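Written out below as structure tokens is the structure these notes cover.
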Amino acid sequence: MKIEIQNLNVYYGEKQVIQDLSLQIPRNEILSIIGPANSGVTTLLRSLNRLVDLTPGCRVEGSILLDGESIFDEEVSVTELRRKVGMVFEIPAPLPMSIFDNIAYGPRLKGTKNRQKLMDVAEESLRLAALWDETKDRLKMPAFKLSGGQQQRLCIARVLALRPEVIMLDRSCSGLDPISTAKIEDSLVQLKKQFTVVLAPHNVQQAGRVSDRVAFMLMGKLIEDGKNSEVFSSPKDQRTNDYITGRFG
């Protein structure tokens, strides 16, 4: 098991946003975490690499294990944790520099200076993000000149350049057209061969298309989780059925 969450509780000040949540995330699979607004999905993702630490007044109780090791141990480097568990956000935010320099930025910070090594990393990362063929002849072009879908795939490539083990995407297709969304979904299916993918999809249909497993959250609680086919065809909880059939949310 890649990630094990046990009795997780997360508070923002006095408000509890995740309640006693336990969940196992297998390696080399795509887990989609679905739920209506204010269900705690984004907070759960941000807990997995301790981005919640950046929120004033946030308090976390419970256990999160990555490869059997607690991410809250004192000796854990939060910087290294966030490299291992990378995050792609809803709104693409490429750095104000060239396509190549966006990809090379992280490896350079880690000490890689050799131009050919950086180029190899850029090509590999862009290929994994299904963006190489569209950018290989214009790597010096400013990243902001890419389309929205291309910028989002560039942000995925930028995470991949740091050699993560887990990739999290928080509604990363919500503002994209169907063609760009399809390209990212195709990339995710390929990426799971090398990485564990945790996805907050932008709709239920996306979860159905790409997931191996699905977890449904409601008001900070995990209602149920299981294999994609089981959750969508025969959910155990009526609230899950109501959500995936569009009766609420």
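The values are calculated or read from the model by the stated rules, or taken from the named source; none is laboratory data. Keep in mind that this is a model prediction, so the values were computed, not measured. Virtual Cβ from ideal backbone geometry, glycine too; neighbours counted across all protein chains shown. Surface accessibility is based on the protein's heavy atoms, side chains included, excluding ligands, DNA and RNA. Shrake-Rupley method; radii C 1.70, N 1.55, O 1.52, S 1.80 Å.
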Checklist entry - Just for region 10-38: of the residues that are charged (D, E, K, R) and part of a strand (DSSP E or B), which one is least open to solvent (accessible area, probe 1.4 Å)? => result ASP20
Next on the checklist: Every residue in region 197-236 that is assigned to a loop (DSSP other than H, G, I, E, B) and either open to solvent by less than 40 Å² (accessible area, probe 1.4 Å) or on the phi > 0 side of the Ramachandran plot (or both), please.
Outcome noted: PRO201, SER211, MET219, GLY220, PRO235
Checklist outcome for this item: In the set ASN102, ASN7, ASN49, the lone residue that is out of contact with any His (no Cβ under 8 Å at 6 or more places or on another chain), open to solvent by less than 20 Å² (accessible area, probe 1.4 Å) and within 30 Å of ILE244 (Cα to Cα) is ASN49
Next on the checklist: Tell me whether region 39-53 contains one or more residues that are hydrophobic (A, V, I, L, M, F, W, C), over 20 Å from ASP225 (Cβ atoms), free of Cβ contacts under 8 Å to residues at least 24 places away in the same chain and not in a strand (DSSP E or B).
Outcome noted: no
